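Structure first, then comments.
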Amino acid sequence: MNQKPLIRLESICKRFGTANVFDNFSHSIYAGKHQLITGPSGCGKTTLLKMMALLEPTNKGTIYYKGTDVTNKHGQPGIAQDITNLRIGYVSQDRDLWPHLTVQENILLALKVSGRDYSYNDTFFKIVGKLKLTDHLEKRPGDLSGGQQQRCAIARCLIHNPDIVFLDESFANLDEENIASAFEIIDAVVEQGATIVLVSHRTKLPTKLFSKIINLDTPKSTEGFCNA
Amino acid sequence: MLLTYLPALLTGLGMTLLITFLSITFGTIGGIFLGVLSFMNSPLRVLVRIYIEIFLGIPVLVLLIWVYYVLPEISQSLIISSFWTAVLAMSLSASAFIAEIINGGLRSVPKGQMDAALILGISKLQAVLRIVLPQSVRIMWPAIIMQYITIYKLVPLASTIGVMEILHTGGLIIHKTYAPITVYTIIAIFFLATVYPLNVLARSIQRRHSRSDLLNGV
């Protein structure tokens, strides 16, 4: 593949105590090539996403965003994204909504504090409409169901028009009908050029969406393992 | 006859409240600054930690005496009035305790919420101010109010360096009236009357906080 990867992990090592979760592990994400990461609990799926998002430090190795070394920007993903002009969206397993803010404030806060346009633009209405949040904008996350919270977290991630969207078990709390609606909006974002990296236990996912399916149940010291 | 000395006692109480107010103000400003620095893992974190450990460890009485008697021995330019010595010692001690409360409160907010902000391009400081602090303030308030009460109750220690706060004033009145039981009882009642409402306030905030958490399901 001649295309330059959006994100490249090179010879990454990650240990938790004495457990080697990743040992000399390399991995790349290319624009438009969506990936599904599966594997049993504790195999390092979330750790991998967090390392790629610069939320989790590595013990060894290098992380590149669009060819720029951003390893030393661990803990400052926003700065790394500004330098490399690579926007990342991340929806965690726990959703991590801000409970003191309304749904609308949750979705728009990042745009507001960074001085970007946070008015009710078409993108906002399109996203909240497709994720069925229009009637819940004034509610706080504590007043929403688990599925609604998940959709709110996805909307918050999509509003800043990311190049890559990391979804960590993001559909775990959505029923089949809402999964379809989430995929609708994800498809819409994909059409705009965003790439999805999804971590999931679910088996009933539309795997045809993904160019690559990675099973972390296998030894994690090789490059490009478990290509589907 | 004691009524004659009531204005003096009230002046002493006023001095006690003034030292408390200034110490709380400076201690809170310093405590927020140090607590946020400590939480944000800034490069100054080690220095902040050393500061906190020092002033958590030294009793306020020792600090008062050290600042008032030892500092001038080091340099004549470090002579501070007894009033400002009391404010300084109380503020230094309060800032360390408040920094610990702030740091603990900030850390009580799930780390994922901070991560969610950082990944969206919100700066660390903005994330602390907009996301972490507003949530943790409710958790911190009762502990901070209790700390304020502690500062207030420690101010009589300033009598050891001659500050004319309520206890020192009371001592002078006793010299003239030979009525220690009455004077010290009046002082105790003054403290009780001023501390009790604050205790009630702290408890009510705590109760409201627990209830709203239950209602919000967070």
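Just so it is clear, none of the values below were taken in a lab; they were calculated from the coordinates. The structure presented is a predicted model; accordingly, all values stated were derived computationally and were not measured. Every residue, glycine among them, receives a Cβ derived from its backbone with ideal geometry; neighbour counts consider all protein chains shown.
Of the GluC sites (Glu not before Pro) found in the stretch A:65-171, those in coil by DSSP whose Cβ has at most 12 other Cβ atoms within 10 Å are A:138. Under a 5 Å amide H cut-off, with hydrogens placed 1.01 Å from N, residue A:165 pairs with A:89, A:195, A:196, A:197 among residues at least 5 apart or on other chains.
Computed from label points 7 Å out along Cα-Cβ, the spacing between residue A:161 and residue B:65 is 6.8 nm.
Grab the eigenvalues of the alpha-carbon gyration tensor for the protein assembly as shown, scale each by 5, take roots, and send me the semi-axes largest first in whole angstrom. Show your work: numbers first, answer last.
On the way: eigenvalues 652, 126, 57 Å².
Over the Cα atoms of the protein assembly as shown, the semi-axes work out to 57, 25, 17 Å.
Calculated from the alpha-carbon coordinates, the stretch B:42-90 shows an Rg and a Dmax of 12.6, 35 Å respectively.
In this structure, the residue pairs whose Cα-Cα separation is over 32 Å, taken from A:60/A:112; A:45/A:132; A:139/B:111, are A:60/A:112. Counting Cβ atoms of other protein chains within 10 Å of each residue's Cβ and taking the mean over peptide A:100-107 gives 2.
By the combined test of axial Cα extent (at least 20 Å) and Kyte-Doolittle hydropathy (mean at least 1.6), the qualifying DSSP H helices of chain B come to B:2-39. Count, for each residue of B:75-83, the Cβ atoms from other chains sitting within 10 Å of its Cβ, then give me the mean as a whole number. Neighbouring Cβ atoms belonging to other protein chains average 0 per residue here.
Take the Cα radius of gyration of chain B and divide it by 2.2 N^0.38 Å, N being the number of residues; the result is 1.22.
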